[in-house]
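Take a look at the structure set out below.
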């Protein structure tokens, strides 16, 4: 081999030559020493090689001598290739080796030596490891993220179809491979056109509906080395849930914006409505007094006056009814912009249903058979009055859904039950039902399926707002046998219903005789203040009025004991009711308990937060100031008694 040594020493690969049969070294070239980190050991046999040279497999186990390239060539006389050798060098480095074994024969054609050529593949192994790790991470992402990676050939036949994003369509990874998209989606309005655009060389993004699933897709052509399009590849992202959330967010933003406008309008309406209602009530009281004074005589003139009084009463009644109707609408408008401000207490939903039936049972029975199933249920936390409003709206909707046919052909049912951790109220009717496309939008504001003039389209919107405020949900579906089924689900409270009942029976006291209660009204709307002052004065209260919050504050602080109760408007020019409350809380916190805050509608976040913070001492315009004065004076008297 001496004449070939210069060739072996010039090679950029390691060379080791061992003799048959023991594998003792015959020759090594310089690169052997560089890769192995040591010189050859002449005395080491092939059985000692793993320990002598630190030869291991990739799992870290010492390499078996019989599996080394020398042993395999010696056993077969054939060339071999092995790439799972790892050399643990004396300097601590680990080198991955790919080794090639070649037999060498003597002149008698007998196997005499084995030549082992080997190269350092450490970088290649590391690259492979990184590639495998990257592929594993990509597979993890594809198998769990709502995406699908797919490709087709130039004929539209699927060559790749992977990803968890396929699951929403009921398809597993790889299942679509071999399918032709032009056949599979031949009836789809857009997919085949998108694929043709990609095969024509265009890269673009598009959104497509596949059944109930929405995909955002990036599509681009695949090209060979000559630039020819040989197919397309696409990355599709299942954005169905994102689109639903976006739709909800858009709806909520629209409701918030509309709520600000509605609350502002309600505020502007409620102030004049307050004095209109107050004067109408006062006028009715004056007519009643006039009628009383002219009654009890046969005088024809007085009889004429009685008839006139009766006629005046009949004329004023529509005015009072109209103002009350406007007041109800503005109350519903206020649900656009704020949650329920009444103090939440445990409520028995069966009592709520019974209250509604007292109002509409006769009307229901006039148009349909009534079926009531009231299972015993735990209490829910909320406002009984607001829940009555919800069930009443649903019951009225059911009545209006009935045809003009015979009552025995129609049915309305109301049911309460407990399901898991929820109390459920169901109102069903045998009417035409609600179409699937209308089931979401009927809860939007100003959307109504009724004839024009039969409703403002606020009823179901208000229902949903009230129920969501209480942590529940209201939905509509199909009634078994046909018709609509409205379902209200509310979370259960642990507080007992008995506590709710005992807490809600608050008595009202009339002003004590011989004792004049002094009341201060703070409102920058003079007409509102005048009518409220007049109503209280007629009932024996000593009433004063201040239009400026700052002057009212100084007046109170200079003579605190003189005022028993204060009604203060929240939204005033200059010093607002909120400013007044903050200043009073700093200078005389105890006096703040005597203040009742009046609101015609809170259309700023600051005002809403303020009213929620003082929800026990807030009244909404228009209101009966005499009743509220009695209630809050009774509250203060009870507080003093406890102290």
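The table below lists the values:
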{"item": "Tally, over the stretch 362-376, of residues that are surrounded by 15 or more Cβ atoms within 10 Å (Cβ to Cβ) and at pLDDT below 90", "result": "3"}
{"item": "Top-ranked residue of the stretch 600-619 - restricted to ones that are touching a residue at least 60 places away in the same chain (Cβ under 8 Å) and in contact with a helix residue (DSSP H, G or I) (Cβ under 7 Å, 6 or more places away or on another chain), ranked as farthest from residue 531 (Cα to Cα)", "result": "603"}
{"item": "Number of positions in the stretch 158-185 that are more than 17 Å from residue 210 (Cα to Cα), surrounded by fewer than 17 Cβ atoms within 10 Å (Cβ to Cβ) and modelled with pLDDT of 90 or more", "result": "3"}
{"item": "Selection count where residues are part of a loop (DSSP other than H, G, I, E, B) and within 24 Å of residue 60 (Cβ to Cβ), scope the stretch 88-118", "result": "5"}
{"item": "Qualifying residue in the stretch 88-96 (condition: in contact with a helix residue (DSSP H, G or I) (Cβ under 7 Å, 6 or more places away or on another chain) and touching a residue at least 60 places away in the same chain (Cβ under 8 Å))", "result": "yes"}
{"item": "Where residue 271 falls short, out of the listed (1) over 23 Å from residue 618 (Cβ atoms); (2) at pLDDT below 75", "result": "(1)"}
{"item": "Residue match in the stretch 198-221 (condition: touching a residue at least 12 places away in the same chain (Cβ under 8 Å), buried (at least 16 other Cβ atoms within 10 Å of the Cβ) and outside any strand (DSSP E or B))", "result": "yes"}
{"item": "In the stretch 72-110, the residues that are surrounded by 16 or more Cβ atoms within 10 Å (Cβ to Cβ) and either over 27 Å from residue 37 (Cα atoms) or more than 60 Å from the chain's Cα centre (by Cα) (or both)", "result": "72, 73, 74, 80, 99, 100, 101, 103, 104"}
{"item": "Considering residues of the stretch 470-494 that are over 19 Å from residue 386 (Cα atoms) and surrounded by 16 or more Cβ atoms within 10 Å (Cβ to Cβ) only, the residue modelled with the highest pLDDT", "result": "485"}
{"item": "Unique match (being touching a strand residue (DSSP E or B) at 6+ places or on another chain (Cβ under 6 Å), under 27 Å from residue 391 (Cα atoms) and at pLDDT below 75) among 344, 266, 262", "result": "344"}
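Residue-by-condition table, conditions (1) over 21 Å from residue 80 (Cβ atoms); (2) in contact (Cβ under 8 Å) with a residue 40 or more places away in the chain; (3) surrounded by 15 or more Cβ atoms within 10 Å (Cβ to Cβ):
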| residue | (1), (2), (3) |
| --- | --- |
| 27 | no, no, yes |
| 31 | no, no, yes |
| 37 | yes, yes, yes |
| 40 | no, no, yes |
| 46 | no, no, yes |
| 49 | no, no, yes |
| 56 | no, no, yes |
| 66 | no, no, no |
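Okay, residues lined up against (1) part of a helix (DSSP H, G or I); (2) in contact (Cβ under 8 Å) with a residue 12 or more places away in the chain:
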| position | (1), (2) |
| --- | --- |
| 165 | yes, yes |
| 168 | yes, yes |
| 173 | no, yes |
| 176 | no, yes |
| 182 | yes, yes |
| 186 | no, no |
| 189 | no, no |
| 193 | yes, no |
| 196 | yes, no |
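The values are calculated or read from the model by the stated rules, or taken from the named source; none is laboratory data. Values in this document were obtained by computation on a predicted structure and should not be read as measured data. FYI the Cβ positions are ideal-geometry reconstructions off the backbone, even for glycines, and counts take in every protein chain you see.
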